[in-house]
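Report on one structure; see the data block that follows.
The values are calculated or read from the model by the stated rules, or taken from the named source; none is laboratory data. None of the values given here were measured: they were computed from a predicted structure. In this analysis, Cβ positions are derived from the backbone assuming ideal geometry, glycine residues included, and neighbour counts consider all displayed protein chains. The accessibility values were calculated without ligands, DNA or RNA, using every heavy atom of the protein model including side chains. Shrake-Rupley method; radii C 1.70, N 1.55, O 1.52, S 1.80 Å.
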Amino acid sequence: MRDAVVVGRPRVGKTRFVEALSSYLGRVETSSASLPVEDPLRRGRRGDGVLSPVTVRDRRGRPWLRLVDTAALRDEIPDHAETRRAMAVSLARLQEAAIVFHLLDAAQAGRLSGYRPPLLDLEMRAYGLTRPLYVIIATKSDMPAAAEGVRRIRTRFPEDLLIAVSLPNRRGLREVRRLLLVHAAR
Amino acid sequence: MGESTDAGTSQPSHDVIRWLEAGRIPAHQALARMRAADEQARARRTIPLEDRTPAAARIVAELDQLVGLQAVKRQVHEIWALVEVQRLRQRAELASEPHTLHMVFSGAPGTGKTTVARILGRLFRVLEVLPKGQLVEVERADLVGEYIGHTAHRTREAVRRALGGVLFVDEAYALARGSDKDFGREAIDTLVKAMEDHKSEFLLILAGYPQEMTAFLHANPGLVSRLPIHLNFPNYTTLELLQIADTMLAEREYRMTAEGRESLLQKLGHSIQFGAGGAGNGRLVRNLVERATRRQAVRLMRQQRELTRTELMTLESSDWEQDG
Ligand SMILES: Nc1nc2c(ncn2[C@@H]2O[C@H](COP(=O)(O)OP(=O)(O)O)[C@@H](O)[C@H]2O)c(=O)[nH]1
Ligand SMILES: [Mg+2]
């Protein structure tokens, strides 16, 4: 079973994406039991948008994928120790994952004049590319300006796998599922 | 054996994650370091004999920690493996070629050529390829003399100092400059002869800009066969330059604000895109860093009051600006 980790800056839509994808994939179960004892995730904090990993099973009930939501990575060094700790957990999760979904907010990319990905996203991508499967998920593609945002992201990273996703109209989830079926079952 | 395997690897990624948690580094830096640690781990996996030579492993780990230069690192790992295997073959009384390890380094100034040459000298010393491993750095002016015979004498002198170590000829293509009567020719011939006379007593590295070196070697086919190893030192990418800046600033106990980092990133991107020869190399970063610290000093002295430790450490966006 492989880990697919969902990473990105604050409020790009990580948690909603994990929720929507798990319900789309079906046969899921949330487990906090598998986490190490000192893991802040066990405390059920949802403030920073951290959820417990979700295990996805196939028709025969065998687990084939673990979907892992993470706390947002931030540009700055956060003042709060808890926030830093959550980020540290995110990076540890990222390291263990075979599949990386890197979420970029397409609506925001479309609104800004001239899309310049922040350094954090550049480094995130550079690291992600060292993993077996790295996919850029352009989120909120239903929102105004998002079409332009998706185009800009695609232009900036022409060689990368990119899927535009919109949760209200479930756009993109099918493509994500198809990729997972190919790459997770190893 | 015990301490050998991890002897030189300085930042395993669990340390990096701990630093992030302790608030010592921002997330983007943690990611960059995790990536470097991964690369190191991967490079190590390709070397089967490493734990037999802890000293060599330590030196190669130093090389692996340099920013960028992936191809150079890979080739050095290969050379290292080759030397080790040849030695094991000798011990097993198998045929073993004495290796010719003279090299050409192609790359702009400030891309790490001298640093790598120095590391190679030390590596070859612990591998017992070279008895001393010192680096003697010369350029045309050190070799070429003013009358017939003078050049040969000066070149032999440089070789003599380099015996047991590395003779590093910077901007070597300049030896072929000028007319046929130029004494550069004499220097080249003397070097070729020295390689014959002092086989495996010293290592010759000819270095210089890629295009010039290509033309130079083309015009001197006799050299090419004697310098079988070619290492390319590409200009650094923007992210690599930023990583270099981070290291330099950390060493000097400075740090950047987020806006400052953005300014620097823009500036580096701009120099790479539009800059001439100097762009994309480590020297550019050093100059920018030094100028920024000067500008910070001026800015701070204008504040007629006590300065905090943080203020003394912090480079702001305005410190990276061009004017002044
Ligand atoms: N319109 C729209 N809004 C979205 C979409 N995905 C997420 N959002 C909104 O973006 C905000 C941040 O989402 P969340 O999942 O909490 O982000 P996280 O911090 O990355 O986990 C919320 O207000 C979501 O409702 C989408 O596909 N379309
Ligand atoms: Mg969240």
Say we look at region A:2-19 and pick out the residues that are open to solvent by 20 Å² or more (accessible area, probe 1.4 Å) and out of contact with any Asp or Glu (no Cβ under 8 Å at 6 or more places or on another chain); which of these is farthest from ligand 2 (Cβ to nearest atom)? A:ARG2
Matching entry among B:LEU31, B:LEU20 (being under 24 Å from the mean Cα position of the chain (by Cα), modelled with pLDDT of 90 or more, within 13 Å of chain A (Cβ to nearest Cβ) and open to solvent by less than 30 Å² (accessible area, probe 1.4 Å)): B:LEU31
Can you confirm whether region B:40-49 contains a residue that is open to solvent by less than 30 Å² (accessible area, probe 1.4 Å), at pLDDT 80 or above and within 14 Å of chain A (Cβ to nearest Cβ)? no
The lone condition B:LEU204 fails out of (1) part of a helix (DSSP H, G or I); (2) open to solvent by less than 70 Å² (accessible area, probe 1.4 Å) is (1)
When A:ALA138 is run through (1) farther than 30 Å from B:ILE25 by Cα; (2) within 13 Å of ligand 1 (Cβ to nearest atom), the failure sits at (1)
Under 7 Å between Cβ atoms, at least 6 apart or on separate chains: pull out the pairs that start in region A:66-82 with a residue that is open to solvent by 20 Å² or more (accessible area, probe 1.4 Å) and more than 16 Å from ligand 1 (Cβ to nearest atom) and end on any residue that is hydroxyl-bearing (Ser, Thr, Tyr) and in a strand (DSSP E or B). A:ARG66/A:THR55
Does B:THR237 meet the test of being open to solvent by 50 Å² or more (accessible area, probe 1.4 Å), out of contact with any strand residue (DSSP E or B) (no Cβ under 7 Å at 6 or more places or on another chain) and at pLDDT 90 or above? no
Mind checking whether some residue in region A:144-151 is within 16 Å of ligand 1 (Cβ to nearest atom), closer than 27 Å to B:HIS270 by Cα and touching a Ser or Thr at 6+ places or on another chain (Cβ under 9 Å)? yes
For region B:193-241, what are the residues that are of a type in the set (A, V, I, L, M) and under 17 Å from the mean Cα position of the chain (by Cα)? B:LEU203, B:LEU204, B:ILE205, B:LEU206, B:ALA207, B:ILE229, B:LEU231, B:LEU241
Long-range neighbours under 6 Å by Cβ, at least six apart or interchain, first residue without any contact (Cβ under 8 Å) to a residue 24 or more places away in the chain within region A:133-146, second assigned to a strand (DSSP E or B) and more than 16 Å from ligand 2 (Cβ to nearest atom): none
How many residues are under 21 Å from B:GLY107 (Cβ atoms) and of a type outside the set (Ser, Thr, Tyr) when one looks only at region B:185-212? 11
Does any residue in region B:90-113 that is among the small types (Gly, Ala, Ser) come within less than 6 Å, Cβ to Cβ, of a residue that is open to solvent by less than 20 Å² (accessible area, probe 1.4 Å) six or more places away or on a different chain, and which pairs are these? B:SER106/B:MET213; B:GLY107/B:LYS113; B:GLY107/B:PHE233; B:ALA108/B:ASN281; B:GLY110/B:ASN281; B:GLY110/B:GLY282; B:GLY112/B:LEU69; B:GLY112/B:PHE233
Contacts under 8 angstrom Cβ, first residue in region B:54-69 being crowded, with 21+ Cβ neighbours inside 10 Å, partner part of a helix (DSSP H, G or I) and of a type in the set (Gly, Ala, Ser), 6 or more apart: B:ASP64/B:ALA43
Being surrounded by fewer than 20 Cβ atoms within 10 Å (Cβ to Cβ), assigned to a helix (DSSP H, G or I) and over 17 Å from the mean Cα position of the chain (by Cα) narrows it down to one of B:GLU306, B:GLU311, B:GLU253, so name that one. B:GLU311
